[in-house]
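**Q** Quick one: structure below, then a few questions.
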Amino acid sequence: MSAEAMNKTGAMNKTGTMNKTGTMDRLELKALISATADTIAAHAEELTTLDQAIGDGDHGLNMKRGFEAVRAEADKFAAKPLPDALTAIGTKLVMTVGGASGPLFGTLFMALGKEISPEPDRANLATAFGKAIEAVAARGKSQVGQKTMLDVLQPVHEALAEGKTPAEIVAVADRAADATVPMKALRGRASFLGDRSIGHMDAGARSTALLVRAVAETIEGRA
Ligand code: ADP
Ligand code: MG
């Protein structure tokens, strides 16, 4: 979110991003759900192509199935306070995405729901996001540098904690996804290829960067 999107208490309010009871505005969460589902749908083929190069080619379909399932129940999620909504979205992603990425993206959203406050300021958002990334790393027994979604999540977390603008955070995410190209995969299916995984972008890193862009642009556009 931009500095202008913060009110004096640091909450994302000013223009009604949050309502008075501290739950995220129904329209805001619905906008985030449709923006994320839209970008995944628009890039499903690209994600499939990336996963075909060094995986099994299902990442685009997996993600599309999951984010369309979330979109189908957007009203139900949007009626909940933010922490509950994120937890429910994470659960839905675990049930619908499948593959290795389903439990990992699901864990990201569920842990975010557990850690975030109903009316998060940037500090809470950054802390909650950091803990959610730790939960993903624990679930995946993975760490930064292994050519996975973590290689985008972690720099995005740092940019968020440093107070970077949404546009800067989007640029960080895109650069981080690009930076997985020369890496050798040490986790997930791509790791079976050893050195042959070098020279291709990680599909989960790309989908993470797409989600970051959709969220950042939606929040900035509505601020
Ligand atoms: P699968 O590999 O089961 O076919 P997907 O194709 O949907 O599942 O997702 C693959 C993506 O999941 C990878 O590109 C990578 O970013 C991510 N991934 C796989 N294993 C791990 C792990 N152990 N830790 C973090 N991310 C992982
Ligand atoms: Mg796959």
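**Q** Touching a residue at least 60 places away in the same chain (Cβ under 8 Å), in a helix (DSSP H, G or I) and more than 16 Å from ligand 1 (Cβ to nearest atom): which single residue out of ALA35, ALA53 fits that description?
**A** Details: ALA53 fails: more than 16 Å from ligand 1 (Cβ to nearest atom).
Sole residue among the options that is touching a residue at least 60 places away in the same chain (Cβ under 8 Å), in a helix (DSSP H, G or I) and more than 16 Å from ligand 1 (Cβ to nearest atom): ALA35.
**Q** Based on this model, can you work out whether PRO83 counts as part of a helix (DSSP H, G or I) and more than 22 Å from GLU28 (Cβ to Cβ)?
**A** Details: part of a helix (DSSP H, G or I): yes; more than 22 Å from GLU28 (Cβ to Cβ): no.
Answer is no for this residue.
**Q** Considering (1) in a helix (DSSP H, G or I); (2) more than 14 Å from THR208 (Cα to Cα), say which one GLU46 fails and leave the rest.
**A** Exception for GLU46: condition (2).
**Q** Something else now. Any idea which residue in region 133-152 is nearest to LEU112 (Cα to Cα), counting only those that are among the β-branched types (Val, Ile, Thr) and away from ligand 2 (no atom under 16 Å from the Cβ)?
**A** Looking only at region 133-152, we keep the residues that are among the β-branched types (Val, Ile, Thr), and these are 133, 136, 144, 148, 152.
After this cut, where a residue has to be away from ligand 2 (no atom under 16 Å from the Cβ) as well, the list is 133, 136, 144, 152.
Values: ILE133: 9, VAL136: 10, VAL144: 19, VAL152: 16 Å.
Among those residues, the one meeting the criterion is ILE133.
**Q** Let me ask another. Based on what the data block shows, is THR208 part of a helix (DSSP H, G or I) and within 13 Å of THR148 (Cα to Cα)?
**A** Numbers: part of a helix (DSSP H, G or I): yes; within 13 Å of THR148 (Cα to Cα): yes.
Yes: the conditions hold for THR208.
**Q** Being part of a helix (DSSP H, G or I), closer than 21 Å to ALA100 by Cβ and of a type in the set (A, V, I, L, M) narrows it down to one residue among ALA177, ALA126; which is it? First the steps, then the outcome.
**A** Details: ALA126 fails: closer than 21 Å to ALA100 by Cβ.
None of the others qualify; the one that does is ALA177.
**Q** While we're on this one: Determine, yes or no, whether PHE192 is among the hydrophobic types (A, V, I, L, M, F, W, C) and surrounded by 17 or more Cβ atoms within 10 Å (Cβ to Cβ). Before the answer, list the steps.
**A** Values: among the hydrophobic types (A, V, I, L, M, F, W, C): yes; surrounded by 17 or more Cβ atoms within 10 Å (Cβ to Cβ): no.
For PHE192, the condition - among the hydrophobic types (A, V, I, L, M, F, W, C) and surrounded by 17 or more Cβ atoms within 10 Å (Cβ to Cβ) - is not met.
**Q** Here is a follow-up. I'm trying to understand the selection: among the residues of region 138-153, which are surrounded by 19 or more Cβ atoms within 10 Å (Cβ to Cβ) and part of a helix (DSSP H, G or I)?
**A** If the condition is that a residue be surrounded by 19 or more Cβ atoms within 10 Å (Cβ to Cβ) and part of a helix (DSSP H, G or I), then GLY140, LEU150, ASP151, VAL152, LEU153 are the ones that fit.
**Q** For residues in region 66-81 being within 16 Å of ligand 1 (Cβ to nearest atom) and buried (at least 19 other Cβ atoms within 10 Å of the Cβ), which is farthest from MET201 (Cα to Cα)? Show your work before the answer.
**A** Narrowing region 66-81 to residues within 16 Å of ligand 1 (Cβ to nearest atom): 66-70.
From the residues that got through so far, the ones that are buried (at least 19 other Cβ atoms within 10 Å of the Cβ) too are 66-67, 70.
Working: GLY66: 22, PHE67: 22, VAL70: 26 Å.
Checked region 66-81; the qualifying residue farthest from MET201 (Cα to Cα) is VAL70.
**Q** A further question on this structure: Can you list residue pairs whose Cβ atoms sit under 6 Å apart, with the first residue in region 164-189 being free of Cβ contacts under 8 Å to residues at least 40 places away in the same chain and within 19 Å of THR36 (Cα to Cα) and the second being within 14 Å of ligand 1 (Cβ to nearest atom) and basic (Lys, Arg)? Count only pairs 6 or more apart in sequence or on different chains.
**A** Every condition considered, the pairs that remain are ALA177/ARG206.
**Q** Restricting to region 177-205, name every residue that is among the hydrophobic types (A, V, I, L, M, F, W, C) and in contact with an Asp or Glu (Cβ under 6 Å, 6 or more places away or on another chain). Don't jump to the end; show me each part of the working.
**A** Going residue by residue through region 177-205, those that are among the hydrophobic types (A, V, I, L, M, F, W, C) are 177, 179, 181, 183, 185-186, 190, 192-193, 198, 201, 203, 205.
ALA203, ALA205 - these are the residues of region 177-205 that are among the hydrophobic types (A, V, I, L, M, F, W, C) and in contact with an Asp or Glu (Cβ under 6 Å, 6 or more places away or on another chain).
**Q** Go through (1) within 16 Å of ligand 2 (Cβ to nearest atom); (2) more than 20 Å from VAL212 (Cβ to Cβ) for GLU73 and report which single condition fails.
**A** If we test GLU73 against (1) within 16 Å of ligand 2 (Cβ to nearest atom); (2) more than 20 Å from VAL212 (Cβ to Cβ), just (1) comes out false.
**Q** Another one. Limited to region 101-114, what total is found for residues that are surrounded by fewer than 20 Cβ atoms within 10 Å (Cβ to Cβ) and either of a type outside the set (D, E, K, R) or in contact with a helix residue (DSSP H, G or I) (Cβ under 6 Å, 6 or more places away or on another chain) (or both)?
**A** The number of residues fulfilling the criteria is 2.
**Q** Can I ask one more? If we scan region 205-221, do we find a residue that is touching a Gly at 6+ places or on another chain (Cβ under 8 Å) and touching a residue at least 24 places away in the same chain (Cβ under 8 Å)? Give the derivation first.
**A** The first filter runs over region 205-221 and keeps only residues touching a Gly at 6+ places or on another chain (Cβ under 8 Å), leaving none.
The answer is no, given that none of the residues of region 205-221 is touching a Gly at 6+ places or on another chain (Cβ under 8 Å) and touching a residue at least 24 places away in the same chain (Cβ under 8 Å).
Every read-out reported here was derived from the displayed coordinates using simple, explicitly stated rules and does not represent laboratory data. Since this is a predicted model, take the numbers as computed values, not measurements. Neighbour counts run over all protein chains shown; Cβ positions are idealised from the backbone, glycine included.
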